[in-house]
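**Q** Here it is: the structure, laid out below.
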Amino acid sequence: MQETENLQKKLTGWFEWFHRHPELSYEEYHTTEKIREILTQGGIRILPYELETGLVAIVEGEKPGPVQALRCDIDALPVKEETDLPYRSECPGKMHACGHDFHIAAGLGCAILLSGHKSELAGTVKLIFQPGEETSLGALKILETDVMEDVELIWGIHADPTNEVGTLGIREGYVAAAADRFVITVTGQGCHGAHPDDGIDPVPAAAAIVQGLWTVTARNINAFHPALISVTRMQAGQTWNVIPESAELEGTVRTMNREDRALFERRMREIAGGTAAAYGARASVEWLPGSPAVYNDERLAGKSMRVARECGFSVVPEESSMGGDDFSFYEERIPGCYIKIGTGKGPTIHQPAFRVDKRAILPAAEYLVRLLMSPSDPAGQS
Ligand code: NI
């Protein structure tokens, strides 16, 4: 009992430290050092990868079993914190507004508890403290190493401000979207604003392309498949009396399945090219793939729900999100499951008033330990 209280105190203290010291993607130097210090003091081995930020720790069980990984992301956001918490951000304009400080604390708690149960642990657990999740490409830094080579399955967690402490959101199948970016350049021919007949105005062509792109979800994608496009930037020209040479459109496409993702890219090229041509202009499309959709493996989702109930959590269906998470890059290699942990209802993630209820930390760590130590469910059962 005393031991549990001590751990709770430590985890809360660490969580507050990370919350006070948020660092942006790929700048998580102090965060990484603090994680390293805590793990080292806890007698936990850190693998000798030369990562600029982030690290991978390992706990080896004394019984034979699988190699599993747990991903905890560690970066913060360029958000100005607007809470009255006594441990609010001490770094102006930066905030742990996505709960990654909670992920770190839960991951550290899990590592410490696991290393105290090595004799009962079957197999090995690699704890990945990952940088740069908010860029949606940080997972690739970890995947550049050989850390995943022997890993058979991976678990991911995320703070969930839509559920109370004691509730876990889990579902099988797609839970977060592929997050791709595009830039379309429409080229016409600049001329005097008073003589559009002397040139080719790229502005109406760009406007027509935006209208056309919106029809992809309505006319090309299966109505039962979640998909969306947001054109978030339209830019053309410098002044009031010159028709510009070119116009630029930028934005994001979110899809849940692979076929729709490819379909969207193909239709974007057709619509942009065809529409521009109809206006006498030209369009080039740059498609910049981000992270794929996050997919919860059926067996792992089933197991995580079973263990959650054994631990006294109430389990609710995980809300699918058109947001992305680079956790999916790991899942391109091995099965994974991404679990939402209730951290108290309140402002949603990425908001300046977002906060995590500290009472969620220790139960999350204990749940992860139980999950990592439970034998796999036999095939066909979940
Ligand atoms: Ni996040």
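**Q** Just from its helices, what would the mean residue ellipticity at 222 nm be for the chain, if runs of 4 or more DSSP H residues each count -39500 (n - 2.57) and the sum is divided by every residue, rounded to the nearest 500 deg cm²/dmol? Please list the in-between numbers first.
**A** Working: 9 runs with 119 residues, N = 382.
So the helix-based figure for the chain works out to -10000 deg cm²/dmol.
**Q** Quick one: Karplus J couplings for the range 294-301, per residue in order, coefficients 6.51, -1.76, 1.60, θ = phi - 60°, nearest Hz, x for Gly and Pro?
**A** Coupling constants for the range 294-301: 8, 10, 8, 4, 4, 5, 5, 4 Hz.
**Q** Now for a different question. For the range 178-288, what class follows from the C-alpha gyration tensor (a ≥ b ≥ c being the square roots of its eigenvalues): rounded when a/c is under 1.5, otherwise prolate if a/b is larger than b/c, else oblate? Walk me through the numbers on the way to the answer.
**A** On the way: a/c = 2.88, a/b = 2.35, b/c = 1.23.
It is prolate, given that a/c is not under 1.5 and a/b is the larger ratio.
**Q** Once the piece of chain linking His195 and Gln41 is laid out straight, how much longer is it, given 0.36 nm per residue of separation minus the C-alpha distance between them?
**A** 48.1 nm
**Q** Could you check which residue among Phe224, Phe182, Phe18 shows the biggest mean-square fluctuation in a GNM of the chain with a 10 Å Cα cutoff?
**A** Phe224
**Q** On to the next question. Would you look at the GNM of the chain, springs on alpha carbons closer than 10 Å, and say which of Thr255, Thr348, Thr124 moves the most?
**A** With Cα springs under 10 Å in the chain, the top fluctuation among Thr255, Thr348, Thr124 is at Thr348.
**Q** Further question: Please calculate the 1.4 Å probe accessible area of Met373, with all protein chains present, and give it to the nearest 10 Å².
**A** The value for Met373 is about 50 Å².
**Q** Tell me, what HN-Hα J-couplings in whole Hz come from the Karplus equation 6.51 cos²θ - 1.76 cosθ + 1.60 at θ = phi - 60° for each residue of the range 194-199, using x for Gly and Pro?
**A** These are the phi-based 3J(HN,Hα) values: 8, 10, x, 5, 7, x Hz.
**Q** I've got another one for you. Give, in nm to one decimal, the length gained when the segment between Glu310 and Arg370 is fully stretched (0.36 nm per residue of separation minus the Cα-Cα distance).
**A** 20.7 nm
**Q** If you only keep lysine pairs separated by 8 or more in sequence, or across chains, how many in the chain come under 12 Å at the Cα atoms?
**A** Details: Lys9/Lys358; Lys10/Lys358; Lys63/Lys118; Lys80/Lys94.
Qualifying lysine pairs in the chain: 4.
**Q** Here's another thing I want to ask about it. Which FRET efficiency, nearest 0.05, do Met234 and Glu120 yield, Cβ-Cβ r, R0 41 Å?
**A** Between Met234 and Glu120 the formula returns 0.10.
**Q** Rounded to the nearest 0.05, what FRET efficiency is calculated for Glu62 and Glu298 with R0 set to 30 Å and r the Cβ-Cβ distance?
**A** Between Glu62 and Glu298 the formula returns 0.50.
**Q** Measure off, as a whole percent, the carbon and sulfur share of the 1.4 Å-probe accessible area of the range 92-202, all protein chains present. Walk me through the intermediate numbers first.
**A** Numbers: 1650 of 3520 Å².
So the carbon and sulfur contribution to the accessible surface is 47 percent.
**Q** Can you work out the Karplus-derived ³J(HN,Hα) for every residue in the range 148-162? Use 6.51 cos²θ - 1.76 cosθ + 1.60 with θ = phi - 60°, whole Hz, and x for glycine or proline.
**A** With coefficients 6.51, -1.76 and 1.60, one gets 8, 3, 9, 7, 9, 7, 9, 10, x, 10, 8, 4, 10, x, 9 Hz.
**Q** Where in the range 155-184 is the amide nitrogen less than 18 Å from a point lying 7 Å along the Cα-to-Cβ axis of Ser320?
**A** 169-180
**Q** Please give the FRET efficiency for Glu149 paired with Arg181, using the beta carbon to beta carbon distance and R0 = 25 Å, rounded to the nearest 0.05. Mind showing how you got there, number by number?
**A** Working: r = 30 Å, r/R0 = 1.19.
Rounded to the nearest 0.05, the efficiency is 0.25.
The values are calculated or read from the model by the stated rules, or taken from the named source; none is laboratory data. Quick caveat, the model's predicted, so the values are computed rather than measured. As a convention, Cβ positions derive from the backbone with ideal geometry for all residues, glycine included, and neighbour counts pool all protein chains shown. With ligands, DNA and RNA removed, areas are computed over all heavy atoms of the protein, side chains included. Shrake-Rupley method; radii C 1.70, N 1.55, O 1.52, S 1.80 Å.
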